[in-house]
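**Student:** Got a structure for you, questions after.
Every read-out reported here was derived from the displayed coordinates using simple, explicitly stated rules and does not represent laboratory data. Given the structure is predicted, the values throughout are model-derived calculations rather than measurements. We place every Cβ from the backbone using ideal geometry, glycine too, and count neighbours over all the protein chains shown.
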Amino acid sequence: MTGAAGSARHDLRRARRVSIMKIGIIGAGNIGGNLTRRLTALGHDVSVANSRGPHTLTALAGETGATPVPVEEAARGAEVVVVTIPLKAIPDLPSGVLDGAADGAAVVDTNNYYPRQRDGRIAAIEDEGLTESRWTERHLGHPVVKAFNGTYAQDILERPRPAGAPDRLALPVAGDDEAAKTKVRSLIDELGFDTVDAGGIDESWRQQPDTPVYGLRSGVEDVTKALAEAEPERPAEFEG
């Protein structure tokens, strides 16, 4: 961490006097890049990785003060790890990619299954009925918390609001590990968004693509209602 971005982050840490977390982000696309921007701005210690190598992340690192690392090192010591890569790329992650994470680390899955547009047909999702995040969890070998999968990336930068603001957006969050889910919900609150508990990972179909809550820009009441209105059948356009 060098230069103006690193100095500013250090000053912010001292000013806030709150818990600063080590956060690893695997994937530097729209969601991963904007989470890197916001989380470093909040003073967190962020490592970011992508499939093309840390040398391709120098601009993002210079802008934010994040540390570019190989994928194998992204989770090292991290209290929160965000996995935000195409679903089809999950099996290609290095074996044990999360082994170096801190004890009790929360792993956030932002992914969606787009069989026709990107990922191809995944039999375990379509034939066995696994939710997208349960499938991801099995490949990672670690419980996940599903969040940000229906969030517009630009909203992460442009739509944060203080707690209690009438136009504050709410995000659904699903997961089986209550401690991890609480940690992620607290971080989302810090980012400037409310959250709604969407249940366990086997219920996370309620926030998959083409459900009422997917892409919904609204508050707690509407998000809660949309989750309840979801139907378990996978829409034809999201079948392989």
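**Student:** Between E229 and D127, how many nm apart are label points set 7 Å from Cα along the C-beta direction?
**Tutor:** Distance between the two pseudo-spin positions: 3.5 nm.
**Student:** Which of the GluC sites (Glu not before Pro) found in region 102-168 are loop residues per DSSP with 16 or fewer other Cβ atoms within 10 Å of their Cβ?
**Tutor:** Sites meeting the loop and neighbour criteria: E128.
**Student:** Mind pulling up the Rg/Rh value for the chain? Radius of gyration and Kirkwood radius, both on Cα.
**Tutor:** Expressed as Rg/Rh, it is 0.95.
**Student:** Could you tell me which of rounded, prolate or oblate describes region 64-189, using a ≥ b ≥ c as the square roots of the eigenvalues of the alpha-carbon gyration tensor, with rounded for a/c under 1.5 and, failing that, prolate when a/b is larger than b/c and oblate otherwise?
**Tutor:** oblate
**Student:** Under 1.5 on a/c is rounded, so check that first for region 165-235, then, if it is not, pick prolate when a/b is larger than b/c and oblate when it is not; a ≥ b ≥ c are the square roots of the alpha carbon gyration tensor eigenvalues.
**Tutor:** Oblate, since a/c reaches 1.5 and b/c is not below a/b.
**Student:** Next up: Place a +1 charge on the Cβ of each Lys and Arg in the chain and a -1 charge on the Cβ of each Asp and Glu, then give the dipole magnitude about the Cα centre in debye, rounded to the nearest 20.
**Tutor:** 1100 debye
**Student:** Between E158 and R116, what is 0.36 nm times their sequence separation minus the Cα-Cα distance? Round to one decimal in nm.
**Tutor:** Net length gain for the segment: 12.1 nm.
**Student:** I need to check one value: relative contact order of region 67-215, counting alpha carbon pairs closer than 8 Å and at least 6 residues apart, in percent.
**Tutor:** Reported relative contact order: 22 percent.
**Student:** Across region 159-168, in residue order, what do the Karplus-derived ³J(HN,Hα) couplings come to in whole Hz, using 6.51 cos²θ - 1.76 cosθ + 1.60 with θ = phi - 60° and x for Gly and Pro?
**Tutor:** Values per residue, Gly and Pro as x: 10, x, 9, x, 4, x, 5, x, 9, 6 Hz.
**Student:** Related question: So how much slack lies between D202 and S51, counting 0.36 nm per residue of separation and subtracting their Cα-Cα distance, in nm?
**Tutor:** 51.5 nm
**Student:** How much mean residue ellipticity at 222 nm does the chain get from its helices, if each DSSP H run of length 4 or more adds -39500 (n - 2.57) and you divide by all residues, to the nearest 500 deg cm²/dmol?
**Tutor:** -9000 deg cm²/dmol
**Student:** If packing is taken as the average count of other Cβ atoms within 10 Å, what order do 76-84, 57-65 fall into, highest mean first?
**Tutor:** Highest-to-lowest ranking by the protection proxy: 76-84, 57-65.
**Student:** While we're looking at this one, here's another question. I'm a student and want to see the number: the projected area of the Cα convex hull of region 6-149, averaged over all directions, in nm².
**Tutor:** Average projection, Cα convex hull of region 6-149: 8.6 nm².
**Student:** What angle do you read, to the nearest 10 degrees and between 0 and 90, between the alpha-carbon axis of helix 3-16 and the longest principal axis of the chain?
**Tutor:** The helix 3-16 is inclined about 80 degrees to the chain.
**Student:** Between K88 and E63, how many nm apart are label points set 7 Å from Cα along the C-beta direction?
**Tutor:** 2.6 nm
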